[in-house]
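Q: What follows is a structure written as structure tokens; I'll ask about it next.
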């Protein structure tokens with residue numbers, strides 16, 4: 001049975017990803033700050049902060065003892081805050097960078113070590129269309145995801161010798177808690193900038209992730225795939 005680690009599985013896209021891969025017969029190892037919202041015999045859950053280095057290392061060691069090899073990692077966990085740059089407090093900046101950048105880095109570093117014996121090791125990070133669209137009000141969030149994209153491209157080179165592909169998916173807005181505080185006017189304006197002007201769906205994200213995880217995608221690495229026709 002293949003094993004996949006997914007961060008941020010308590011709700012939203014992360015939970016949808018976990019449920020999808022459980023249905024596909026994978027063993028799923030999830031995590032979030034809170035307790036599990038998924039009950040399934042092939043699901044394991046860890047309650048932690050993804051930017052807590054000691055907790056991530058402990059989780060990786062336990063996963064190694066329990067299942068040995070990990071075949072894929074999806075760095076889905078992320079936070080956002082829509083504020084004008086002049087109104088963004090330092091605490092918000094630090095929280096976003098810690099979760100989105102540090103958390104992604106730590107999980108890549110620790111779980112890549114468990115992929116050495118996998119036949120088709122894969123890492124998929126999560127970015128956002130807010131970066132290429134230079135979305136106003138999302139300066140820090142977009143900057144954090146720009147950093148994730150840089151990590152993706154460089155790690156793709158550094159991990160190639162281990163046969164690990166590293167790619168990223170950039171979803172359009174999906175109706176989850178991440179955007180629940182944004183006004184409908186701002187969301188409509190953002191959607192209008194897409195070639196396909198609609199909200200994304202969890203199925204859209206799953207389709208893109210599936211593409212990167214396919215056995216046939218072993219020659220694709222260091223790539224960022226934006227959804228919705230963002231150019």
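Nothing in this text is a laboratory measurement; each read-out follows from the coordinates by a stated rule. Nothing here was measured: the structure is a model prediction, and the numbers come from that model. So basically every Cβ, Gly included, is an ideal-geometry build from the backbone, and we count neighbours across all protein chains shown.
Q: Return the single residue from 75, 125, 134 with maximal mean-square fluctuation; model: Gaussian network over the chain, springs between Cα atoms under 10 Å.
A: Result for the chain, Cα springs under 10 Å: 134 fluctuates most.
Q: Taking 20 °C and 1.002 mPa s as the conditions, I'd like the Stokes-Einstein D for region 3-226 in µm²/s, using the Kirkwood hydrodynamic radius from alpha carbon pairs.
A: Numbers: Rh = 17.6 Å.
Rounded, D is 122 µm²/s.
Q: On a full-extension model of 0.36 nm per residue, what is the gain between residue 85 and residue 39, subtracting their alpha-carbon distance, rounded to one decimal in nm? Intermediate values should be presented prior to the final figure.
A: Details: separation 46, 0.36 × 46 = 16.56 nm, distance 4.08 nm.
Extra length from residue 85 to residue 39 when fully extended: 12.5 nm.
Q: Would you please put 13-26, 56-69 in order of how densely packed they are, using the mean number of other Cβ atoms within 10 angstrom per residue and starting with the highest? Numbers along the way, then the final one.
A: Working: 13-26: 19.6, 56-69: 15.5.
Per-residue Cβ counts within 10 Å, averaged per peptide and sorted highest first, yield 13-26, 56-69.
Q: A follow-up question, please. Round to the nearest 10 and give me the degree value, 0 to 90, for the angle of helix 202-213's Cα axis relative to the longest principal axis of the chain.
A: 50 degrees
Q: Could you grab the Rg to Rh ratio for region 92-225? Cα atoms only, Kirkwood for Rh.
A: Values: Rg = 15.7 Å, Rh = 15.8 Å.
That ratio equals 0.99.
Q: Separate question: Which peptide among 141-151, 210-220 comes first, and what is the full order, when sorted by highest mean count of other Cβ atoms within 10 Å?
A: Numbers: 141-151: 20.8, 210-220: 13.7.
The most tightly packed comes first, giving 141-151, 210-220.
Q: Same structure, new question: Rounded, prolate or oblate: which fits region 182-231 when a ≥ b ≥ c are the square roots of the eigenvalues of the alpha-carbon gyration tensor, with rounded for a/c under 1.5 and prolate only if a/b beats b/c? Working shown, then result.
A: On the way: a/c = 3.55, a/b = 2.40, b/c = 1.48.
Prolate shape, in that a/c is at least 1.5 and a/b is the bigger ratio.
Q: Follow-up question, since we're still on this one. Given a cut-off of under 8 Å on Cα pairs at least six residues apart, what relative contact order in percent is computed for the chain?
A: Values: 415 pairs, mean separation 42.6, N = 231.
Relative contact order, the chain: 18 percent.
Q: What do you get for the angle between helix 53-67 and the principal long axis of the chain? Use alpha-carbon atoms, 0 to 90 degrees, nearest ten.
A: Tilt of helix 53-67: around 40 degrees.
Q: Using only Cα atoms and rounding to the nearest 10 degrees, what angle (0 to 90) does helix 103-112 make with the longest principal axis of the chain?
A: Around 20 degrees separate the two axes.
Q: Follow-up. Give me the number: length gained by fully extending residue 1 to residue 191, i.e. 0.36 nm times residue separation minus the C-alpha to C-alpha distance, one decimal in nm. Intermediate values should be presented prior to the final figure.
A: Working: separation 190, 0.36 × 190 = 68.40 nm, distance 3.93 nm.
Roughly 64.5 nm would be gained on extension.
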